[in-house]
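Data block below; observations after.
Just so it is clear, none of the values below were taken in a lab; they were calculated from the coordinates. On a predicted model such as this, the values are computed, not experimentally measured, just so you know. For neighbour counting, all protein chains shown are included, and Cβ atoms are generated from backbone atoms with ideal geometry for every residue, glycine included.
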């Protein structure tokens, strides 16, 4: 079988990490099928770590969410005479008529449709949203199989689109092995606060609920007057700039924004934190809690289905709509004695071992072979 994989998002975070690990693992697992990886022009071939002669790389200058994706990309795919195409992201050409599978990581846009989640003027945002809905509906309806990262996402997709449960396959994602390196975890050459701190890692989109997180931390600080900080780590984009504006206008203290953080510094931040915290209202797989657990960092997250599925009893939970619940949870985690803290860290490390990129690739290969 000749299988295509859309790797145009290779260098991005999130979906890019998923694509990279899928490709790396499939090279080791599958010596029978042929693969064609479609990448953006200028792709660094060494990043592929090519060690399987059955793989071919095709470069294209076609961007995702573009007109060219719809008008030109199908012909590029057809030239490769594929038996199956895997789109690891919902953005795909609706005119491509050969068999394909699609990975849907979450339906966050379906549940948070307001223009607040976009930098575009509202009319343009609505046009973009209609395009998203059309492409997503097409992907769900016409795919051979739909791959999702969690059972909670599977249930959401089935309910939203009214499709047979047999069409949706769950493949849990993994944690990269280098995260588990003890030496890099404990590296303290970076600017680590000399006070206790909670750390959040991720973007600042509205569904991440960071304004609420700041409010809850502020309520907690009213009762706990010692020098405790909240560090927010993410890309310095429109949403973080807007958050910084609020912090400056309201003169909010003990909030630290960090951007352009290397993996090594990130793991050091995890390892030395009082806890990782996220007040997100909805998630796909949610890798950050697992990264924190693998770095021996306690995890404190909102009580939502995806976090419950990933973390199980290895995390502390709070109501993401109750400032009092969050404040109380922060206080509880900070007040843990050494024995209970170590028990919690041990549970987290054990939970991380349940996730593997190799297993994800094996299950994805099974989907290919069962198309």
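Under a Gaussian network description of the chain, with springs only between Cα atoms under 10 Å, the residue in 306, 280, 262 that fluctuates furthest is 262.
Highest GNM mean-square fluctuation among 78, 132, 172, for the chain modelled with Cα contacts below 10 Å: 78. Of 45, 104, 192, the sequence from fewest to most neighbouring Cβ atoms within 10 angstrom is 45, 192, 104. Taking the longest Cα principal axis of the chain as reference, the axis of helix 122-142 is set at about 60 degrees. Here the Gaussian network model covers the chain, with springs between Cα atoms less than 10 Å apart; of 110, 251, 33, 251 fluctuates the most. Shape of segment 177-352 from its Cα gyration tensor (a ≥ b ≥ c, root eigenvalues): rounded if a/c is under 1.5, otherwise prolate when a/b > b/c, or oblate? Since a/c stays below 1.5, the shape of segment 177-352 is classed as rounded.
Relative to one another, the C-alpha centroids of segment 197-243 and segment 323-371 are positioned 21 Å apart. Cα gyration tensor of the chain, axes a ≥ b ≥ c as square roots of the eigenvalues: rounded (a/c below 1.5), prolate (a/b > b/c) or oblate? It is prolate, given that a/c is not under 1.5 and a/b is the larger ratio.
For the chain, the longest principal axis of the alpha carbon atoms and the long axis of helix 151-161 meet at an angle near 60°.
Against the chain, whose longest principal axis is taken from its Cα atoms, helix 238-249 shows a tilt of about 10°. In terms of other Cβ atoms within 10 Å, 297, 169, 311 run from fewest to most in the order 169, 311, 297.
Using the Cα gyration tensor of segment 270-371, with a ≥ b ≥ c the square roots of its eigenvalues, what is the shape: rounded (a/c below 1.5), prolate (a/b larger than b/c) or oblate (neither)? Oblate, since a/c reaches 1.5 and b/c is not below a/b. For the pair residue 331 and residue 57 in one chain, pulling the backbone fully straight at 0.36 nm per residue adds 93.5 nm over the alpha carbon distance.
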